[in-house]
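Below is one structure; the comments refer to it alone.
The values are calculated or read from the model by the stated rules, or taken from the named source; none is laboratory data. Owing to the predicted nature of the structure, the values given are computational and were not obtained by experimental measurement. Positions of Cβ are backbone-derived with ideal geometry, glycine not excepted, and every protein chain shown enters the neighbour counts. To get the accessible areas, we keep the full protein, side chains included, count just its heavy atoms, and leave off ligands, DNA and RNA. Shrake-Rupley method; radii C 1.70, N 1.55, O 1.52, S 1.80 Å.
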Amino acid sequence: QVQLVESGGGLVQPGGSLRLSCVASGYIWRFTPMGWYRQAPGNERELVASIGFGGRTNYADSVKDRFTISKDNGENTVYLQMNSLKPEDTARYFCNGVPARPAYWGQGTQVTVSS
């Protein structure tokens with residue numbers, strides 16, 4: 001079964017940290033660059049971090065030097081370590097392939113940064 005299940009979100013104060021996890025079930029993810037996306041109310045979904053073949057990573061300017069994406073191939077899990085969180089990071093976070101496969105969006109996990 002092809003499935004993406006995100007977890008790890010929550011409420012955190014500005015400057016805090018969270019680590020998101022995404023378990024990717026299904027063979028199609030094994031050879032697919034993976035990414036973390038986020039969508040805030042009223043905004044379009046945006047790609048914030050990606051990891052490709054050989055572990056090459058890319059980040060949106062808004063999260064560069066604060067977020068780190070990593071992948072555990074053995075566990076089929078993609079992580080997003082988020083440090084120095086800001087209120088503008090508040091959004092629902094999703095993982096998917098890069099480019100995204102629209103049929104496989106999961107429920108996402110909510111991240112709220114607020115004092």
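Over region 22-115, with the other protein chains present, what is the accessible area per residue in square angstrom, probe 1.4 angstrom?
On the way: 5100 Å² over 94 residues.
Per-residue value: 54 Å².
How much net charge surrounds residue 9 when only the other residues with a Cβ under 12 Å from the Cβ of residue 9 are counted, with Lys and Arg +1 and Asp and Glu -1?
Once all neighbours under 12 Å are counted, the net charge is +1.
May I ask you to give the percent of accessible area on the chain that is carbon plus sulfur, with a probe radius of 1.4 Å?
The C+S portion of the solvent-accessible surface of the chain is 47 percent.
Compute the relative contact order of the chain as a whole-number percentage, counting only Cα pairs closer than 8 Å that sit 6 or more residues apart in sequence.
Value for the chain: 37 percent.
Taking the simple approach of a point 7 Å from Cα along Cα-to-Cβ for both residue 62 and residue 88, what is their distance in nm?
About 0.7 nm separates the two model spin labels.
Work out, step by step, the length gained on full extension between residue 5 and residue 44: first 0.36 nm times the residue separation, then minus their alpha carbon distance; give nm to one decimal.
Gain on extension, residue 5 to residue 44, equals 12.0 nm.
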